[in-house]
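Have a look at the structure below before the remarks.
Just so it is clear, none of the values below were taken in a lab; they were calculated from the coordinates. If you're wondering where the values come from, they're calculated on a predicted model, not measured in any experiment. We place every Cβ from the backbone using ideal geometry, glycine too, and count neighbours over all the protein chains shown.
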Amino acid sequence: MARLLTRTSVVLSLAAVPLFLSATNAFAAGIHHGDDYGYNVGNTVYACDNERDGNGVYVEYWGEGSTHGQVWDGNGSEAGCGSASVPSLRSFQVCEDHSGCSGRVYV
């Protein structure tokens, strides 16, 4: 009986590993460009303008295949960020008009 319980617990432990690994994609990654920043939670990407300098802020993102686009923080430096759902998010960077972009973050 003890042998059966040990085998069962090993099998259940190994079965949980893929669940843990797939859940890690939900954790956020982020990057700054000055005080502006972009981040993701799962497959949602956010663009946040945190500077009152008149420059627009956006996140440029890439996913699987030809998935590529931008999400802007449409309200400038006011509270709140712009967001978009990207089904196969793989990487992103935060950019500021007239000031360039950060490096890419891979998720």
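Couple of notes before you dig in:
- Residue count for the range 31-81 under the criterion of being outside any strand (DSSP E or B), among the hydrophobic types (A, V, I, L, M, F, W, C) and touching a residue at least 24 places away in the same chain (Cβ under 8 Å): the result is 1.
- Considering only residues in the range 87-107 that are polar (S, T, N, Q) and outside any strand (DSSP E or B), the one that is surrounded by the most Cβ atoms within 10 Å (Cβ to Cβ) turns out to be Ser102.
- Residues in the range 55-86 that are surrounded by fewer than 12 Cβ atoms within 10 Å (Cβ to Cβ), touching a Ser or Thr at 6+ places or on another chain (Cβ under 9 Å) and farther than 18 Å from Tyr39 by Cβ: Glu64, Gly65.
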